[in-house]
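Quick notes on the structure that follows.
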Amino acid sequence: MAVEVLLERVSKTYNQGAAEVKALDNITLRFSGGDFKAIMGPSGSGKSTLLNVLGCLDKPTTGIVRIDGVEVQGIPPGALWQIRGTKIGFIFQNHYLIESLTALENVMLPQRYAGVKRSQAQQKASELLEQVGLGRRLHHRPSQLSGGEKARVAVARALVNDPALILADEPTGALDSKTGMVILELLHSLRSPERICLIVTHDRSVADTCDEIISMRDGRIIEA
Ligand code: ADP
Ligand code: MG
């Protein structure tokens, strides 16, 4: 069954000292398999919060999130962790690679958590690293890699479990344009009717490669 993610009247409020910030303000959105969309908007408009809520990393203050019809709020933490690890691939702005592990081990990790055998995990991880042009960096640690290389390791790690939902928060933001293109092409190569890919970007040329651009402002979706 193809993946479907539904947000129903979702709001997320943060308390900043005495002030309340509505990072998400009554958002209703539906994504289904085959979607390949960009999310744009000024800094502070709620883009990262939206991805975090979609990726079950953060809970809405009010409203409902459903993944494949199941209300996320009602899923026990253990099962939610399982969903995050196997269904969702998150590419973060600042990578969060594990410094004590090599590139290969970083990419193996989500598979190991998902119960994949070591040899199989190693095979898949090295194939993916090869694909993103890091075949000769398998045994380097993050501190021994350039910014662009770290970003590519992070992308490989996000994709290694064949996630149905790919959430990328400015995946090309910190990269030179050539590396950015490699990442973007890799994401495009994963397009499938069984997969949703959402890319937050500041870059209009990146957004224009997507099928639709969702524009945000002040925690709301603004109509094009
Ligand atoms: P964007 O990714 O579009 O730049 P964010 O989703 O990061 O925007 O933030 C939206 C708003 O929510 C901003 O005003 C930001 O300051 C606020 N915000 C985000 N995360 C937190 C947090 N953990 N605590 C308090 N305020 C937050
Ligand atoms: Mg952000």
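So, in the stretch 70-109, exactly how many residues are under 29 Å from GLN131 (Cβ atoms) and of a type outside the set (S, T, N, Q)?
22
For a quick check of your reading: which strands (runs of 3 or more DSSP E) sit entirely within the stretch 3-56 and have at least 1 residues that are surrounded by fewer than 16 Cβ atoms within 10 Å (Cβ to Cβ) and away from ligand 1 (no atom under 13 Å from the Cβ)?
4-16, 19-32
Could you tell me whether any residue of the stretch 63-72 is surrounded by 13 or more Cβ atoms within 10 Å (Cβ to Cβ) and part of a loop (DSSP other than H, G, I, E, B)?
yes
Show me the helices (runs of 4 or more DSSP H) found entirely inside the stretch 108-224 where at least 2 residues are of a type in the set (Lys, Arg).
So the answer is 118-131, 147-159.
Select from the stretch 165-185 the residues that are more than 12 Å from the chain's Cα centre (by Cα) and under 16 Å from ASP211 (Cα atoms) and write down the one among them that is surrounded by the fewest Cβ atoms within 10 Å (Cβ to Cβ).
GLU185
Being without any contact (Cβ under 8 Å) to a residue 24 or more places away in the chain and away from ligand 1 (no atom under 16 Å from the Cβ) is true for just one of LYS124, LYS87, LYS117. Which residue is that?
Criteria check complete, one pass: LYS117.
Readers should treat all values here as calculations from the given coordinates under stated rules, not as data from a laboratory. Computed from a prediction, not measured in an experiment: that's the story for all the values here. Note that we place each Cβ from the backbone using ideal geometry, even for glycine, and neighbour counts take in every protein chain shown.
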